[in-house]
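The values are calculated or read from the model by the stated rules, or taken from the named source; none is laboratory data. Quick caveat, the model's predicted, so the values are computed rather than measured. When we count neighbours, we look across all protein chains shown, and the Cβ atoms used for this are built from the backbone with ideal geometry, even at glycine. Side chains included, ligands, DNA and RNA excluded: accessible areas come from the protein's heavy atoms. Shrake-Rupley method; radii C 1.70, N 1.55, O 1.52, S 1.80 Å.
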Amino acid sequence: MKILNFGSCNIDYVYSLDHIVEAGETETTYKFETFPGGKGLNQSIAVAKAGVKVCHAGCVGCDGEILTNILMKNDVDISYISKTDEKNGHAIIQVSSEGENSIFLYPGSNEMITKNYIDFVLENFGRNDIILLQNEISNVEYIVEKAYQKQMCIILNPSPFNEKLDKIDFNKLTYIILNEIEAKAISGCDIPEEH
């Protein structure tokens, strides 16, 4: 059994401010930090730290060396990662002195995952292998279809929750990892005991 995480790799630019900036406002930050991130990268590192061998597939941009370095440092197999000329996916994160945050995401290289690339990666995986997915990359529905045909165990974190998920056949998923908001959006129910 092999584990493949087909996922996002982001660079998080974190700005610390007194308060979250409002429309039309300019505020000076008192701290700026850069971190590796993305749900996909975080999943791969978590699996590796649990002592399990994991392969990461996805696209990193011309500025994504920080991401491949952190994956390698954590013993994640990056042999399937594709490098593109596109800028890397990144998040701009405001954090207020009270701990509130505001985030916007530029998908960048995470949207460069093509069907040909997916086919190339999945040639190396098959029945009973595990594939981890989230909704921060392109062509997730195609990955699900191909992994299902190969009888892989498919685990999806449907985040961020958006219209791209409408293309996915949830009946083909083995497991879904979600929070309360995502569960309500998918099921239309906010009282689980009623169903």
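One Cα centroid belongs to the stretch 104-166, the other to the stretch 42-68; the line between them spans 15 Å. Since only Asn128, Cys55, Ser8 are under comparison, the one whose Cα sits farthest along the positive direction of the charge dipole of the chain, derived from C-beta charges on Lys, Arg, Asp and Glu, is Asn128.
Measure off, as a whole percent, the carbon and sulfur share of the 1.4 Å-probe accessible area of the stretch 31-85, all protein chains present. Spell out each step's value before the answer.
Details: 1440 of 2800 Å².
Within the stretch 31-85, the accessible surface is 51 percent carbon and sulfur.
Order of 161-169, 4-12 by packing, highest average Cβ count within 10 Å first? Each step should come with its number before you reach the end.
Numbers: 161-169: 12.8, 4-12: 26.3.
Per-residue Cβ counts within 10 Å, averaged per peptide and sorted highest first, yield 4-12, 161-169.
Label zone (Lys2, point 7 Å along Cα-to-C-beta; backbone nitrogen cut-off 19 Å) within the stretch 79-97: 79-83.
Contact order normalised by length for the chain, with contacts defined as Cα pairs under 8 Å and 6 or more residues apart; what percent is it?
Working: 406 pairs, mean separation 40.4, N = 195.
Taking the mean separation of contacting Cα pairs over the length of the chain, I get 21 percent.
Report for the chain the percent antiparallel among DSSP-assigned beta bridges with both residues inside it, nearest 5. Of those bridges, close to 35 percent are antiparallel.
Remark: the stretch 105-195 carries 57 Å² of accessible area per residue (probe radius 1.4 Å; ligands, DNA and RNA excluded). Entry for the chain at q = 0.13, 0.17, 0.19 Å⁻¹: log10 I(q)/I(0) = -0.74, -1.15, -1.32, Debye formula applied to identical alpha-carbon scatterers, no solvent contribution.
Pairs exceeding 25 Å between alpha-carbon atoms, taken from Lys31/Lys164; Lys2/Lys115; Lys53/Lys164; Lys83/Lys146; Lys87/Lys115; Lys73/Lys146: Lys31/Lys164; Lys53/Lys164; Lys73/Lys146. The order of the peptides 58-66, 172-180 by mean Cβ neighbours within 10 Å, most packed first, is 58-66, 172-180.
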